[in-house]
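*Asks:* Structure in structure tokens, see below.
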Amino acid sequence: MRGSPLRILIVGAGIAGLAVARALRMVGFRPDVTEKLPPGENTETALYLPGNAARALRRLDLHDPVRPLGQVIHRQRFLDAAGAPLCEVDLDALWAGVGECRALPRAELHRVLLTGAGGAVRHGAEVRTIDLLPASVGVTFVDGTATEYDLVIGADGPRSSTRTLAALGGPPRPTGHVVYRSVVRGGPRVTEWTALLGQRSGFLVVPIGAGRLHCYADETGTRPPADPVARLRELFGDYGGPVPEVLAALEGVHVGMTDEVELGRWSRGRVLLVGDAAHATAPTLSQGAAMALEDAVVLAESLTAAGSVEAALTAYESRRRPRTRWVRDRTRDRNRTRDVPPALRDPLLRGRGGRIFGEHYRLLVGPL
């Protein structure tokens with residue numbers, strides 16, 4: 001169906017939606033992209049992109065615009081809560097032949113994807129209803145306008161309204177973790193991905209270039225605190241390594257809960273879910289953006305190769321399920337380590353931690 005005049009709607013203009021728009025434009029489609037939020041409402045946060053994300057960006061012909069951004073990360077360092085070494089992962093060796101690992105501000109990646117997608121996003125366009133027709137999808141927006149599409153792609157995140165309107169699933173399942181994100185300026189000098197592991201909590205610091213640090217912390221819990229900065233300083237005040245200087249430099253902190261989406265199917269009729277709308281996990285493996293970028297590549301290939309939309313959606317899901325299931329299962333595995341008392345966990349990690357953590361990415365090093 002390469003270059004066929006399919007009418008395609010992408011709901012959501014985040015990483016998943018813009019990546020899909022870019023991939024589809026590369027093979028001759030011209031999708032509409034809508035976003036219910038107004039432009040420019042991005043919280044200042046950052047991303048760590050493993051090697052498989054770099055490979056997907058190459059396939060989207062976006063590697064060159066991303067290369068000047070952020071900072072390449074060569075090594076993961078795991079420390080105990082006091083700052084003593086536990087283990088390391090050589091990222092250059094792990095992802096050899098696949099791609100480099102990079103940390104960068106989310107907004108900078110978003111700008112690259114927006115340009116690659118053609119830049120045309122209809123903001124403030126929230127979908128009110130989805131009507132599954134025999135060979136199309138009827139879509140009504142909150143402003144009363146209505147259009148028919150040959151394919152509707154829900155890329156609207158873990159709390160996807162597309163998923164609900166198309167009866168593909170309900171709300172996401174909370175994983176029981178409170179997460180804190182911040183970009184810190186004027187903090188300590190950190191040159192590599194550095195995580196400190198405590199009891200049911202952890203603190204991650206990653207350089208993202210220009211003297212900035214991406215900080216991510218989490219703890220077991222069911223409710224975000226009213227004052228996240230105060231909570232971080234309370235929870236991690238006794239940690240060692242770079243944490244004391246990071247806490248002293250903290251200003252704004254974005255706090256939220258992590259969700260997981262597990263569905264029996266990703267499509268119904270001619271409505272398809274991609275990215276976190278279909279397979280969100282906790283961010284423990286930093287695979288959310290990478291999975292969204294891979295989704296885009298595979299969906300464009302599936303639509304190009306298949307003889308019908310229905311056949312393309314079937315082929316797409318059959319290719320993507322094993323990888324997203326692997327990410328979900330390995331994420332759960334790693335999250336369980338937070339519940340192991342440090343007295344038992346830390347000696348194991350000092351002996352075999354590098355191999356254990358590297359193994360979590362084994363399937364993802366392989367081809368899409």
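Laboratory data are not the source of any read-out in this text; all were calculated from the coordinates shown. Computed from a prediction, not measured in an experiment: that's the story for all the values here. Ideal geometry is used to build each Cβ from the backbone, glycine not excepted, and the neighbour counts take in all protein chains shown.
*Asks:* Would you please calculate the Kirkwood hydrodynamic radius of the stretch 326-368 over all C-alpha pairs and express it in Å, rounded to one decimal?
*Replies:* 11.3
*Asks:* Give me the one-decimal nm value for the distance between modelled label points at residue 92 and residue 133, 7 Å along each residue's Cα-to-Cβ direction.
*Replies:* Result: 5.7 nm between the two label points.
*Asks:* So the label point goes 7 Å from the Cα of residue 200 along Cα→C-beta, right? Which residues of the stretch 275-308 then have their backbone N under 16 Å from it?
*Replies:* none
*Asks:* Ok, one more. Across the stretch 182-196, in residue order, what do the Karplus-derived ³J(HN,Hα) couplings come to in whole Hz, using 6.51 cos²θ - 1.76 cosθ + 1.60 with θ = phi - 60° and x for Gly and Pro?
*Replies:* For the stretch 182-196, the Karplus-derived couplings read 7, 10, 10, 10, x, x, x, 7, 10, 9, 9, 4, 9, 10, 10 Hz, x marking Gly and Pro.
*Asks:* Suppose only helical runs count, i.e. DSSP H with n ≥ 4. What mean residue ellipticity at 222 nm does that imply for the chain under -39500 (n - 2.57) per run, divided by all residues and rounded to the nearest 500 deg cm²/dmol?
*Replies:* -10500 deg cm²/dmol
*Asks:* Binning at 10 Å from 0, report for the stretch 2-125 what percent of all alpha-carbon pair distances ends up in each bin.
*Replies:* Spelled out per bin, shortest first, that is 12, 36, 30, 15, 6, 1.
*Asks:* How far apart, in nanometres, would the label points at residue 82 and residue 67 be if each is projected 7 angstrom from Cα along the Cα-to-Cβ direction?
*Replies:* It works out to 4.5 nm between the two label points.
*Asks:* Give the relative contact order (percent, whole number) for the chain; include only Cα pairs under 8 Å separated by 6+ residues.
*Replies:* Relative contact order comes out at 23 percent.
*Asks:* How large is Rg over Rh for the chain, taking Rg from the Cα atoms and Rh as the Kirkwood inverse mean of 1/r across Cα pairs?
*Replies:* 0.97
*Asks:* Work out how much length residue 37 to residue 111 would gain on full extension: take 0.36 nm times their residue separation and subtract the Cα-Cα distance, in nm to one decimal.
*Replies:* On the way: separation 74, 0.36 × 74 = 26.64 nm, distance 1.60 nm.
Here the answer is 25.0 nm.
*Asks:* Also, quick follow-up: At a Förster distance of 30 Å, what's the computed FRET efficiency of residue 325 paired with residue 189, Cβ-Cβ distance as r, to 0.05? Mind dumping the intermediate values first?
*Replies:* Numbers: r = 39 Å, r/R0 = 1.30.
Step by step, r from the Cβ atoms, then E = 0.15.
*Asks:* Report the dimensions of the stretch 235-368 along its three principal axes from the alpha-carbon atoms, largest first, rounded to Å.
*Replies:* 60, 37, 22
*Asks:* Given q = 0.17, 0.22, 0.30, 0.33 Å⁻¹, what are the Debye log10 I(q)/I(0) values for the stretch 290-339, with equal point scatterers placed on the Cα positions and solvent ignored?
*Replies:* The Debye formula, applied to the Cα set alone, gives -0.56, -0.75, -1.05, -1.14.
*Asks:* Please give the net charge around residue 292, taking every other residue with its beta carbon less than 14 angstrom from that of residue 292, where Lys and Arg add +1 and Asp and Glu add -1.
*Replies:* Cβ neighbours under 14 Å give a net charge of +2.
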